[in-house]
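K.L.:
My structure is below; once you've seen it, I'll send some questions.
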């Protein structure tokens, strides 16, 4: 990796720890975001000694962070040649989206039950309205990073409103946000799907407010299914772009 191969958007590349976070965890999160949101040019190789110099830390936590990212499949080690960024397979993407569809539909049904029994009120759905309003106000001008983060926040909120901690833990473990960023790395086609995304998000909110569990499941399954089609198309676009380099 050389510095000339790196893009430098201001929102990425700064090593800023979070409360209770180890140096290795901070490095892992930072490098992961740098990979997913376009900081590194395509085909850039990641070398521990150069990243250590870049962040002014020792090589040990850098190596640990890279090994963790490698074990999660985001990067792959090549003997004596550092690490290179991997591209997910269509099978990985399809499996993830199918699991996601089931989890979100189940969560939405639980939200409807909780609204009916009074453990949730209509006011508890306001965060969904706020997130979707933010997305609509930004529109196609939003960055890819903001698009992925706000979309993930919308769907994660439905999961959290279900009140099911195990369901939330499983949903968190599939790393939806990371895979979405991984698939859409360097691809802008999501902008053309924003209007349909907004329509379906609004339909999800309306179905929740109406306490219509069947409608919630149907709209979510349609929404996630369409998202899968777009994700697979984005993956093909990304692969074609890499092949052309």
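K.L.:
Going through 148, 131 one at a time, which residue ends up being in contact with a helix residue (DSSP H, G or I) (Cβ under 6 Å, 6 or more places away or on another chain), modelled with pLDDT of 90 or more, more than 20 Å from residue 212 (Cα to Cα) and in the same structural domain as residue 201 (by TED's automatic domain parsing)? First the steps, then the outcome.
P.N.:
On the way: 148 fails: modelled with pLDDT of 90 or more.
Unique residue meeting the criteria: 131.
K.L.:
Looking only at segment 50-65, how many residues end up being in contact with a helix residue (DSSP H, G or I) (Cβ under 6 Å, 6 or more places away or on another chain) and either within 20 Å of residue 80 (Cβ to Cβ) or not assigned by TED's automatic domain parsing to the domain that holds residue 15 (or both)?
P.N.:
7
K.L.:
Among the numbered criteria (1) at pLDDT 90 or above; (2) over 16 Å from residue 126 (Cα atoms), which single criterion is violated by residue 188?
P.N.:
(1)
K.L.:
While we're looking at this one, here's another question. With the checklist (1) assigned to a helix (DSSP H, G or I); (2) surrounded by 17 or more Cβ atoms within 10 Å (Cβ to Cβ) in hand, flag the one item residue 88 doesn't pass.
P.N.:
(1)
K.L.:
With the requirement that a residue be surrounded by fewer than 17 Cβ atoms within 10 Å (Cβ to Cβ) and part of a helix (DSSP H, G or I), what does segment 34-53 give you?
P.N.:
Correct list: 49, 50, 53.
The values are calculated or read from the model by the stated rules, or taken from the named source; none is laboratory data. Every value quoted in this text rests on a predicted model; they were computed, and no experiment measured them. Methodologically, a virtual Cβ is constructed for each residue, glycine included, from the backbone with ideal geometry; neighbour enumeration extends over all protein chains shown.
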